[in-house]
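Worksheet: the structure to be examined is printed underneath.
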Amino acid sequence: FGQNGYSPAAMSYVFGTSWYRTRTTEHVAEVNVQGTLFHVQGGDVAIAAGADYRYEGLNTTTDPLSAQGLWHFNTSPVSGAYHLFEGFGEVDVPLFKDQPWAKTLDLNGAVRVTDYSNSGTVNTWKLGAVWEPTDYIRLRFTRSRDIRAPNAQELYQPHSQGLSRVFDNNNGKDYLVDTTSGGNPNLTPEIGDTWTAGMVLMPKWGFTRHFNFSADWFHITLNNAIESIGGQAILDQCGNKSTSLCNLITFATPGDITTEPTHFLNLTQNIAQIFTDGIDFELDYNQSTGFGDFQLRALATWVDHLTITDTSGAIDRAGQTGMSTGAIPGEPHWESTTTLTYNNGPWQVSLQGHYIGAGKYNNQWVGPDQPNYSPDLSNSVSHNLVGNRLYFNFGSHYDFEPTQNGQIELFFTINNLLNTTPPVAPQDATSENPTFFDPIGRMYYMGVRFLD
């Protein structure tokens with residue numbers, strides 16, 4: 001105690017340095033062939049086929065004290081690897097062309113077989129059709145079975161210790177709980193079933209010939225989805241009598257979920273199911289003038305549902321744009337990006353607007369302006385709304401004349417041009433969701449690119 005009342009050994013012990021180093025390794029070998037089989041009324045039937053091999057490895061080393069768990073925050077040394085073999089085949093069949101009822105009608109299909117060393121064999125496939133009844137309308141449809149295997153990080157990411165702030169509905173108390181997070185070598189592939197149907201309009205008359213518009217409906221069910229559940233969700237679901245998730249919590253009194261949680265094991269795992277549906281929109285407009293070219297491109301997505309189903313039931317996270325510590329993130333109902341670009345010789349200038357629709361902080365909570373609000377209920381809070389935001393970004397670049405050594409491009413960018421602040425949200429570690437909203441403010445970039 002007292003000034004300078006410590007030994008060099010004590011100083012070294014308290015103020016040492018923790019570190020970890022991760023090395024990832026990938027080896028890939030593949031072979032592909034493509035060509036045509038025969039001719040049908042609409043054209044040549046094209047095929048493609050191939051096979052490949054991939055190896056993924058991860059190795060993490062740490063300082064000796066972290067390896068023993070002696071710091072307040074620790075990263076554990078871990079290593080692991082897996083490999084896979086796969087083969088695929090694709091075919092495109094242009095059935096008809098220039099018929100009274102169809103300008104074109106194409107069918108396409110694909111199949112892929114993949115064998116993972118750590119999780120076995122999976123099969124994926126796709127069927128699709130594209131029909132152009134006229135030269136200004138295109139209709140398209142796909143049905144597919146898709147998979148995504150866990151990557152090396154999700155499988156073998158080092159276990160690290162941190163803190164989670166959680167609210168216990170049993171006693172109305174907040175806790176700051178030690179949490180271990182990281183990879184899980186027992187993960188299996190995610191399996192998705194996807195339906196899409198869309199329309200493309202390509203007008204050919206008057207000023208509308210400069211427009212293209214498309215709308216595509218999607219309907220996706222994802223089983224065995226890989227997520228980190230989060231401390232709050234683990235505690236909530238344990239309180240809803242989910243025995244399997246209670247096993248991820250250490251309580252002050254073993255087996256008594258009404259006592260204080262003291263540790264969470266929050267590893268990545270295959271949660272039950274994710275379902276989402278909505279519509280993607282795209283609009284393109286191009287116009288050439290005597291003083292330059294203009295291009296307008298607008299992309300928008302409307303998400304109707306984002307329903308996550310696990311041992312506690314189903315929760316629809318569509319319209320949830322807040323970020324509560326330990327809660328599963330959501331998606332706004334509406335999000336769009338519109339870019340206006342002007343080209344004139346070596347100059348290009350663009351203005352982009354990015355819109356995020358209004359939403360809720362947490363779809364499991366109820367605010368005063370929502371039905372079923374009651375101060376007596378644990379899920380009722382004083383504020384559960386997150387406002388919308390519109391961000392503007394500016395960009396420009398100038399291309400110098402090419403030389404024998406390549407081309408030089410000078411660029412200048414301003415992100416968040418109007419210095420728009422994020423929406424006010426309940427304070428909980430972070431007051432806004434940085435996935436959607438800009439927590440930094442206006443930023444400037446200037447640089448030079450040297451192109452071959």
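Remarks
- Solvent exposure of the chain as accessible area per residue, Å², 1.4 Å probe: 56 Å²
- Only the Cβ atoms of Lys and Arg (+1) and of Asp and Glu (-1) were treated as charged; on that basis the dipole of the range 57-212 about its Cα centre amounts to roughly 640 debye.
- Ordering of 435-448, 144-157 by burial proxy (mean other Cβ atoms within 10 Å per residue, highest first): 144-157, 435-448
- Whole-percent carbon and sulfur share, accessible surface of the range 327-371, 1.4 Å: 58 percent
- Signed unit charges on C-beta, dipole axis of the range 203-323, positive-most listed residue THR268, GLY239, HIS219: HIS219
- Across the options HIS383, GLY292, LEU127, the greatest Cα extent toward the positive end of the charge dipole of the chain (unit charges at beta carbon of Lys, Arg, Asp, Glu) belongs to GLY292.
- Computed [θ] at 222 nm, deg cm²/dmol, the chain (DSSP H ≥ 4; -39,500 (n - 2.57); rounded to nearest 500): -1500 deg cm²/dmol
- Whether the range 68-114 is rounded, prolate or oblate, judged on the alpha carbon gyration tensor where a/c under 1.5 counts as rounded: oblate
- Listed by chain and number, the aspartates and glutamates placed with their C-alpha closer than 17 angstrom to that of LYS103 are ASP44, ASP92, GLU132, ASP135; residues fewer than eight positions away on the same chain are left out.
- Taking the charge dipole of the chain about its Cα centre, with +1 at Lys and Arg Cβ atoms and -1 at Asp and Glu Cβ atoms, the residue from LEU283, GLY359, LEU410 reaching farthest to the positive side is LEU410.
- Taking other residues whose beta carbon is less than 15 angstrom from the beta carbon of THR339, and scoring Lys, Arg as +1 and Asp, Glu as -1, yields -3.
- Charge tally around ILE229: other residues with Cβ under 14 Å, Lys/Arg +1 each, Asp/Glu -1 each, net -3.
The values are calculated or read from the model by the stated rules, or taken from the named source; none is laboratory data. No experiment lies behind these values; they were computed from the predicted model shown. Note that we place each Cβ from the backbone using ideal geometry, even for glycine, and neighbour counts take in every protein chain shown. Remember, those area values only see protein heavy atoms, side chains included, never the ligands or the DNA or RNA. Shrake-Rupley method; radii C 1.70, N 1.55, O 1.52, S 1.80 Å.
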